[in-house]
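Structure first, then comments.
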Amino acid sequence: MENNKRPENMERITTKALAEKFIAEQIELIRKQVGKEKVLLALSGGVDSSVVAALLIKSIGKQLTCVHVNHGLMRKGESEQVLAVFRKNLEENLIYIDGTDRFLNKLAGVSDPEEKRKIIGGEFIRVFEEEARKLSDIKFLAQGTIYPDIIESKGVKAHHNVGGLPSDLNFQLVEPLKFLFKDEVRVVGLALGLPDSMVYRQPFPGPGLGVRCTGAITRDRLAALREADAILREEFDKAGLAGKIWQYFTVVPDYRSTGVRDGKRVFDWPVVIRAVNTVDAMSAEVPELDWKLLKKITDRILAEVPGVCRVLYDLSPKAPATIEWE
Ligand code: XMP
């Protein structure tokens, strides 16, 4: 790929004023590149694709079509937020695909983590491709590629999986963030008026909750995971830890343990709380969380999430443990 080196004299975007300058320059460049043609974007709800969407809306308005594929493995409220933020501007140009059944049916009975990732990634490409083919007059594909993607994976935005689109779709790429680091993308996102919850969204793997519902995913265990994760996020938020702890989530493993509920013996799942601090995700440490907070989260999960009888806190650093469980 040519022209993939950040210009040496490029100033780091650290303030609103610098972000506004960047936005103005990009609007010019995008209009020049795209002309009157149409642009397609896979809008995952992640920071990068959301910032690209906002930038393109500002530049070319409804020449942009966004496709949001809900693979059924999103966190609670996440697809709803994407629609709430972008529907107003894009209206019918925001295509929402609820692929829950399609993805979960394909994943049924599959327990190997790499196989699960392959199915989710492959299916994502197929769904996106089907939509792209329906929109026959589109010339450009926008991508939320950022500079670390270029450095680390030779320009393929691996976790968006769009890098694997068949070449007969023949898109030209629009990648306005390709020289930005993550912190700069966030400054630009804020300057574009995106909500804090979107701009400061934690890293979330492409395969979503799929790698946190370990082994073969079932709908009931996935539902328990989604609820437990929402409780964890809400309580971390209330405790002022959002933005202070790098990544936190829950895991629901595919085994049960005994418990008692209402005087009766049950055989239910454990929920594992995972929280880590890291700089680059290559190594990670586990923060010493306040005991009262852990107990509060535990009480809420046990009271509110059906099918769960235990809550654990994973104390393992990376290495030897990875951040995710699969
Ligand atoms: P691990 O589990 O390898 O995770 O310590 C390091 C960071 O990468 C994220 N992660 C993924 N991101 N697709 C992604 O886009 C994936 O398949 C994937 N697996 C892990 C993880 O959440 C953590 O931030």
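We did not get these values from a lab; they are worked out from the coordinates using the rules stated. All values derive from a computational prediction rather than experimental measurement. All Cβ positions, even for glycine, are placed from backbone atoms using ideal geometry, and neighbour counts span all protein chains on display.
Of the residues Gly45, Gln26, Leu232, the one whose Cα sits farthest towards the positive end of the charge dipole of the chain is Leu232 (charges of +1 on Lys and Arg Cβ, -1 on Asp and Glu Cβ, taken about the Cα centre). Non-local lysine pairs in the stretch 17-87, meaning eight or more places apart or on different chains, with alpha-carbon distances under 26 Å, amount to 11.
Calculate log10 I(q)/I(0) of the stretch 2-199 for q = 0.14 Å⁻¹, where I(q) comes from the Debye formula with a single equal point scatterer on each Cα and nothing for solvent. So the normalised log intensities are -0.82.
Give the Debye-formula value of log10 I(q)/I(0) at each listed q (0.22 Å⁻¹), with one equal scatterer per alpha carbon of the stretch 212-313, two decimals each. The Cα Debye sum returns log10 ratios of -1.17. 3J(HN,Hα) along the stretch 310-315: 8, 10, 10, 10, 7, 9 Hz, from the Karplus curve 6.51 cos²θ - 1.76 cosθ + 1.60 with θ = phi - 60°, whole Hz, x for Gly and Pro. Bridgeable aspartates and glutamates around Lys88 (alpha carbons under 14 Å apart, same-chain partners fewer than 8 residues away excluded): Glu80. For the chain, averaging the sequence separation of C-alpha pairs within contact (under 8 Å, six or more residues apart) and dividing by the residue count gives a relative contact order of 17 percent.
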